[in-house]
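Input: a single structure, listed below in structure tokens.
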Amino acid sequence: MTGPISSPPHSPPLDPSSDSQPRNPNAPPRDPYYEPGSPVQPKTTYYQRVANKRLKVEVKRKNNILYGFNLRPTAAKILESNQVEPLQKFIQEFTELPIRKKYAIRKIFKSLSYHYPASFSLKLANLLLLHPPLHIRNEVVFLLHKVLIETHEDRRIAYAILVELKTPIFESFKIELEELLLVQLSEIIGNLDSRMNEFNFGGWIELHEYIVSCVSLNSNDEDSVLKQRKGLMLLADLPRDIVQMREFWNVHYSAVYNNLKARMLDETANENFQALTFDALLRMMGMAQNLGEIEIGRAIFSMLFDCIGRHSNEAIVLRRVHDVGDFVVTGVGEVINGKEKNVFQSMLGIAEKKDASEELRCAAIQVLKDIGEENEDIMLPVINELSYDDAQRAVKVSMDMLLCIEDDPIWFEFDEEETLSAGLSESFELGKFLLNCLFCQGDGSIVVPITFELLKTTYAASKDWRKQHAEMIVISALADRQKDEVAKRFLEIEKLVFGSLNGHHRVIWAAVNAMKILSEHNLIPNVQHSINFFAKLISIVKCSIFPNVQLEAVLAIRSLVANCRSFDKIASFWHQICMLMLDLLKNDKQKIQEEAVETLKSVVVLIPTNFQKYYDTTIESLKAVLFDDYRVLNKYLHTKSLELMSSFLLRNEFVNFEKEDAVKVSISTIIPNNYEITMSLF
């Protein structure tokens with residue numbers, strides 16, 4: 001008998017984990033590292049993960065030499081002993097370490113110098129006196145320099161400690177031969193001498209006697225030359241205030257000066273030796289006024305400025321300029337009085353060198369600027385006495401420096417405070433300063449024709465936007481300081497300005513700025529020229545895509561409106577100006593809106609009756625500014641809009657100012673800053 005096939009009576013149930021079992025689509029993905037049937041790993045809690053992380057950090061810290069490091073035993077081992085061998089051994093081990101491991105030991109040295117400056121510096125000085133190997137001396141001098149000068153220069157050290165320090169350091173200097181170590185040791189000795197001068201126990205007579213004896217040597221043997229170099233180094237690093245040693249230098253000052261003068265004027269002398277002599281003479285010049293040696297000080301001043309640029313290494317020339325500049329600012333007085341022309345000629349000579357770096361050129365002109373800031377009129381006689389050739393050189397330097405400008409993207413960020421100065425380098429600003437100085441001459445200035453000749457021959461025809469920009473900066477400076485010359489050459493200037501309105505955006509801005517300055521100083525001679533200016537500016541506002549240029553053009557239009565001698569005679573522009581400013585009230589830049597309102601206010605003041613035809617359009621535009629619930633409140637724009645409305649209503653008694661608008665205006669003026677304007681409306 002046959003029937004349907006049935007399943008086995010004892011078939012095992014299906015494994016739920018087998019592939020034949022359908023998988024829940026919402027189940028999380030399988031872990032590929034989990035073996036079915038293996039125990040599930042317990043989940044790590046957040047606090048356990050934090051604890052594990054801290055344990056790892058602790059393990060790393062324990063491997064760090066400074067973690068848990070107790071400075072006291074190391075300090076006791078190195079400093080408390082009367083011997084210097086432990087310190088020498090410690091430094092020796094330090095020099096043998098690879099660079100990556102030296103950082104931790106450096107921190108130990110830093111801690112020793114901070115917590116035990118007197119003991120540590122004494123131990124270093126005594127170790128140096130033993131004249132250890134060069135690599136040890138290098139580290140010792142470096143650490144001494146750090147402890148006494150770089151790190152703790154302002155930290156007061158007892159006079160007794162200074163007395164103990166001076167002998168080993170001074171004796172080490174005498175026997176040292178390495179140039180680099182001599183330079184650092186000389187600075188350290190100068191620092192010690194300066195510190196000792198703060199106490200009223202007398203100066204360091206041995207040091208000053210050694211300096212005079214070394215500088216006075218005239219032999220050319222190797223030992224004498226080395227001593228002369230050492231004496232010059234020490235003299236250059238002496239403090240300017242030598243009150244404690246005044247009597248000593250009153251006796252030796254003239255003799256030392258004559259010796260140094262002969263060295264400085266010796267054209268066959270070694271360049272580096274003359275560089276040391278220059279530094280020593282600079283210090284002698286600083287001492288002159290305190291000693292009453294004014295004539296010698298003035299002679300040194302002239303000598304140094306005559307040869308300040310005579311060195312093949314620009315870094316040395318740059319340092320000289322900085323040092324002399326510091327002296328000019330801080331040590332003016334009788335020594336420099338009447339020597340401004342020397343300073344100007346020397347700095348101009350450095351700045352005009354073709355191979356001079358921008359940094360050196362800036363440093364040279366900065367010296368002139370510092371003198372001018374100390375006394376605004378001090379440079380005027382120098383400028384007035386310039387020869388034609390010197391004036392030509394100075395104009396060229398200033399114009400070259402004006403070319404140091406970059407087209408910085410920040411210039412396009414209209415809302416940034418430093419937008420307009422973006423890309424203007426220090427060299428540009430100093431070139432502008434020098435140009436303003438040159439234009440300070442009175443009538444008959446030789447600088448103006450020189451400048452115009454340079455503009456016409458070199459800059460006007462150039463396609464380089466930087467030269468075109470410099471040209472507009474020059475015209476702005478002329479308008480500020482040489483009004484009579486501008487009036488004589490107005491047609492030339494107008495042609496140059498209009499020729500720059502189709503170029504680079506920064507050139508256009510500078511040209512518009514020049515137009516604004518010409519207007520502010522009432523240098524536009526007649527109505528026809530004003531019409532030309534209005535036409536150009538209105539076109540720029542309409543067509544320019546750069547907010548900075550638009551804003552400057554609006555400011556120039558307002559200046560023209562305010563200063564135009566016959567604004568009532570150019571009625572053809574009233575409509576264009578009013579409609580343009582009303583259109584700018586819809587601009588998304590609030591600063592442009594503010595200046596547009598101010599310009600409209602100027603127009604209302606000048607032509608109150610004729611402005612009535614624009615009343616409805618103006619009121620609607622102002623209401624859009626004042627009563628827009630979705631606009632972020634700008635109090636300044638709000639205030640200026642109310643001022644314009646107030647100005648218009650006060651000058652026109654019969655305008656149709658609706659009651660509803662009056663109520664809205666009253667409500668909008670419930671701002672403390674606008675109280676006075678509110679009262680004027682009623």
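The values are calculated or read from the model by the stated rules, or taken from the named source; none is laboratory data. Remember, it's a predicted structure, so these values are computed and weren't measured experimentally. Here the Cβ positions follow ideal geometry from the backbone for every residue, glycine too, while neighbour counts run over all protein chains shown.
List of remarks:
- The sole residue among LEU180, LEU162, LEU192 that is loosely packed, with under 14 Cβ neighbours inside 10 Å and either of a type in the set (Val, Ile, Thr) or more than 23 Å from ASN259 (Cα to Cα) (or both) is LEU180.
- Some residue of the stretch 295-308 being over 22 Å from VAL256 (Cα atoms), at pLDDT 90 or above and assigned to a helix (DSSP H, G or I): no
- Filter result for SER213 (modelled with pLDDT of 90 or more and more than 25 Å from VAL140 (Cβ to Cβ)): yes
- Checking each residue in the stretch 469-504 for being crowded, with 22+ Cβ neighbours inside 10 Å and over 21 Å from GLU453 (Cβ atoms) picks out no residue at all.
- Count of residues meeting criterion [hydroxyl-bearing (Ser, Thr, Tyr) and within 21 Å of the chain's Cα centre (by Cα)] in the stretch 341-359: 1
- Contacts under 8 angstrom Cβ, first residue in the stretch 156-180 being within 14 Å of LEU207 (Cβ to Cβ), partner hydroxyl-bearing (Ser, Thr, Tyr), 6 or more apart: LEU165/SER121; PHE170/TYR210; PHE173/SER186; LYS174/TYR210
- Qualifying residue in the stretch 437-445 (condition: farther than 27 Å from VAL367 by Cα and surrounded by 15 or more Cβ atoms within 10 Å (Cβ to Cβ)): no
- One residue alone among PHE199, PHE278, PHE273 is under 40 Å from the mean Cα position of the chain (by Cα), at pLDDT below 95 and crowded, with 20+ Cβ neighbours inside 10 Å, and that residue is PHE278.
- Filtered by the rule that a residue be in contact with a Ser or Thr (Cβ under 8 Å, 6 or more places away or on another chain) and not aliphatic (A, V, I, L, M), the stretch 91-116 gives LYS110, SER113, TYR114.
- Residue match in the stretch 93-110 (condition: closer than 30 Å to VAL225 by Cβ, out of contact with any Pro (no Cβ under 9 Å at 6 or more places or on another chain) and of a type in the set (Asp, Glu)): no
- Residue ranges of helices (runs of 4 or more DSSP H) in the stretch 71-151 with at least 1 members of a type in the set (Phe, Trp, Tyr) and under 43 Å from the mean Cα position of the chain (by Cα): 85-96, 99-115, 117-129, 134-145
- Close pairs from the stretch 88-110: first within 14 Å of THR74 (Cα to Cα), partner of a type outside the set (A, V, I, L, M, F, W, C) and in a helix (DSSP H, G or I), Cβ under 6 Å, at least 6 apart: ILE91/GLU139
A quick yes/no check of all residues on (1) buried (at least 17 other Cβ atoms within 10 Å of the Cβ); (2) among the acidic types (Asp, Glu); (3) closer than 21 Å to LEU260 by Cα:
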| residue | (1), (2), (3) |
| --- | --- |
| GLN289 | yes, no, yes |
| ARG310 | no, no, yes |
| ALA351 | yes, no, no |
| GLU358 | no, yes, no |
| PRO381 | no, no, no |
| GLU385 | no, yes, no |
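- Screening THR74 on (1) surrounded by 15 or more Cβ atoms within 10 Å (Cβ to Cβ); (2) modelled with pLDDT of 85 or more shows it passes everything except condition (2).
- Criterion: within 16 Å of VAL321 (Cβ to Cβ) and charged (D, E, K, R) - qualifying residue of ASP377, ASP400, ASP355, ASP390: ASP355
- Some residue of the stretch 219-227 being among the basic types (Lys, Arg), at pLDDT 90 or above and surrounded by 13 or more Cβ atoms within 10 Å (Cβ to Cβ): yes
- Single residue of the stretch 393-407 satisfying the filter (surrounded by fewer than 17 Cβ atoms within 10 Å (Cβ to Cβ) and touching a residue at least 60 places away in the same chain (Cβ under 8 Å)) that is farthest from LEU318 (Cα to Cα): ASP407
- Extreme residue, nearest to ALA269 (Cα to Cα), among residues of the stretch 207-239 that are of a type in the set (A, V, I, L, M) and not in a helix (DSSP H, G or I): LEU217
- For the stretch 409-438, a residue qualifies if it is β-branched (Val, Ile, Thr) and touching a residue at least 24 places away in the same chain (Cβ under 8 Å), and exactly one does: THR419.
- Per-region count, the stretch 230-263, residues surrounded by fewer than 19 Cβ atoms within 10 Å (Cβ to Cβ) and under 38 Å from the mean Cα position of the chain (by Cα): 4
- Enumeration of residues in the stretch 258-288 that are part of a helix (DSSP H, G or I), farther than 13 Å from LEU232 by Cβ and not hydrophobic (A, V, I, L, M, F, W, C): ASN258, LYS261, GLU271, GLY286
- When the stretch 505-557 is limited to residues that are assigned to a loop (DSSP other than H, G, I, E, B), without any contact (Cβ under 8 Å) to a residue 60 or more places away in the chain and not hydroxyl-bearing (Ser, Thr, Tyr), the one that is surrounded by the fewest Cβ atoms within 10 Å (Cβ to Cβ) turns out to be ILE545.
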